[in-house]
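Chemist: Next up is a structure, given as structure tokens.
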Amino acid sequence: MTCLPDIHFKRSLRSLVEVAFFSCLYIFSVGQVLTAEDVKLDLQSRIETIYNNHHTSVVRVKATREVLLDNNKTRRLLKMGSGFFVSKDGHILTTGLLTNPDRIWIEHQNAFYLAKNIGKDSLCNLSLLKIVNKPKKFSFVTLSDTTDKKKIGSLMVALTCALEFQVGPTHGLLQSQEFSFGKKIFPTKMLRCSLGLGPGEVGAPVFDLNGRFVGICHAALPDLRSSFVLPAIACQRIRDDLIFSGNVEYGWFGITTTRKVNDSNGFDVVIQGLLENSPAAKSKLNIGDIIRKIDGDEIKKQGDLANTAFFARPDNIVEFLVVRGAKEFNIPVQVEKRPTYSSQKEKEVLIDRNASKTIDNISSSTANQLKDPLLDPQ
């Protein structure tokens, strides 16, 4: 039987570290019972190890540009955030970089290095930089294409550059895996963690307790003391494309979908429309088909469909498993490159081909309602 000591809790516990600190946990290991203090020290040592192994890979990214004001005077904008080395050649991955900067530099171990922008993925707002002259000593984060699923409640550790402070660790719990926020459907699955990020911390790397890279801090939710983390497999896909060509080419099926209640009181994803000259229109898919799987991945919600398109490569062939009437059909579809926008107006009204919702624009009313939670807290 496990009992809690008579301790007054000032606030609700938000992390496994705090739970371990206040609780008497009976854990049997090699025939011994570990006390709460043992557990706390073990977690502390793991966080220290993560910091010691990776803190030289983390940088502060700064970008600036000059803008012309209405009174013909100029003003210089400055934006900063975190980033981290992702190659031995000095490539750096970051997010939320200032648009069209005229100068970019990074701060690493109390030294300054000029950097150039190799490419930007506007869909996920990630940028790949490369410094002109490499530091003599630095480490880099190994990106993995693993699809290892983290369990809800797993402890996450981020190494960030808050404001002008030195690199330091912060921790939180994996709270959920989300495909959307409000009316916005993400281009791929996001991890929601209880990482309360402040100014300058977005763009930091996140690790699990074993030191494996989990993802990049993508956006902050300051009102909820949470943040969204773009998973490692998505980071690798973007990094590789930007290094190779400076651009990221996403797959496109060319369908719109809707949800329909099924006999189990759940929802099916149903094809609502086939866009003209799209891959779907050239295939044998029909309006009204219920999508069960794409290349073996189950499609239970519209976010699953968007996630599949995110990792689909143009010119590859994927197989849709659909239900039509009372029969199942396997239908091949040749993936094409996701269309680009010819104008801002087109971007605002274009329906996401894979999810039947607008994903690249949040209306002003929705933004006000959500208080712009997806913005960098700067």
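Chemist: Could you calculate the contour length gain from Ser154 to Asn262, that is, 0.36 nm times the residue separation minus the distance between their Cα atoms, to one decimal place in nm? Display every interim value, and only then the final one.
Modeler: Working: separation 108, 0.36 × 108 = 38.88 nm, distance 3.30 nm.
Between Ser154 and Asn262, full extension yields an extra 35.6 nm.
Chemist: Counting other Cβ atoms within 10 Å of each Cβ, which chymotrypsin sites (Phe, Trp or Tyr not before Pro) in the stretch 275-347 have at most 16 and sit in a DSSP loop?
Modeler: Working: sites: Phe310, Phe311, Phe320, Phe329, Tyr341; in loops: Tyr341.
Listed in order of number, the matching sites are Tyr341.
Chemist: With a Förster radius of 51 Å, plug the Cβ-Cβ distance of Asn210 and Glu276 into 1/(1 + (r/R0)^6) and report the FRET value to the nearest 0.05. Before the final figure, lay out each step's value.
Modeler: Details: r = 49 Å, r/R0 = 0.96.
Taking R0 as 51 Å, the efficiency between Asn210 and Glu276 is 0.55.
Chemist: Sticking with this one: Return the Rg/Rh value of the stretch 44-159, two decimal places, where both radii are evaluated on C-alpha atoms and Rh is the Kirkwood radius.
Modeler: Working: Rg = 16.7 Å, Rh = 15.9 Å.
Result: Rg/Rh = 1.05.
Chemist: Please pull out the direction-averaged projected area of the stretch 156-200, using the convex hull of its alpha-carbon atoms, in nm² to one decimal place.
Modeler: Numbers: hull surface 15.0 nm².
Result: 3.7 nm².
Chemist: Take Thr99 and Ile317, extend 7 Å from each Cα along the Cα→Cβ direction, and tell me the distance between the two endpoints in nm.
Modeler: Taking the two extended label points, one gets 4.2 nm.
Chemist: Say R0 is 30 Å: what FRET efficiency, to the nearest 0.05, do Asn117 and Lys73 get from their beta-carbon distance?
Modeler: On the way: r = 27 Å, r/R0 = 0.90.
Efficiency computed from Cβ-Cβ geometry: 0.65.
Chemist: I would also like to ask the following. Give me Arg239, Arg259 ranked fewest to most by other Cβ atoms within 10 Å of their Cβ, as a rough exposure proxy.
Modeler: On the way: Arg239 21, Arg259 14.
The fewest-first ordering by Cβ neighbours comes to Arg259, Arg239.
Chemist: Which of His55, His108 has the fewest other C-beta atoms within 10 Å, and how do the rest follow up to the most? List each step's numbers first, then the result.
Modeler: Values: His55 16, His108 23.
Least to most surrounded, the residues fall as His55, His108.
Chemist: Using Cβ counts within 10 Å as a stand-in for footprinting exposure, how do Tyr51, Tyr250 rank, fewest first?
Modeler: Numbers: Tyr51 16, Tyr250 23.
Listing Tyr51, Tyr250 from fewest to most nearby Cβ atoms yields Tyr51, Tyr250.
Chemist: Using only the alpha-carbon atoms, what does the stretch 251-349 span along each of its principal axes? Please give whole angstrom values in decreasing order.
Modeler: 43, 27, 22
Chemist: Of all chymotrypsin sites (Phe, Trp or Tyr not before Pro) in the stretch 147-192, which ones are in loop regions per DSSP and have a Cβ with at most 15 other Cβ atoms within 10 Å? Could you put the intermediate results ahead of the total?
Modeler: Details: sites: Phe165, Phe179, Phe181; in loops: Phe165.
Here the sparse-neighbourhood loop sites are Phe165.
Chemist: Now for a separate question. Can you tell me how much longer the chain between Thr142 and Gln177 gets when fully stretched, taken as 0.36 nm per residue apart minus their C-alpha distance, in nm with one decimal? Working shown, then result.
Modeler: Working: separation 35, 0.36 × 35 = 12.60 nm, distance 2.26 nm.
Extra length from Thr142 to Gln177 when fully extended: 10.3 nm.
Each value in this text was obtained by applying a stated rule to the coordinates, not by laboratory testing. Nothing here was measured: the structure is a model prediction, and the numbers come from that model. No Cβ is skipped: glycine too gets one built from the backbone with ideal geometry, and neighbour counts run over all protein chains shown.
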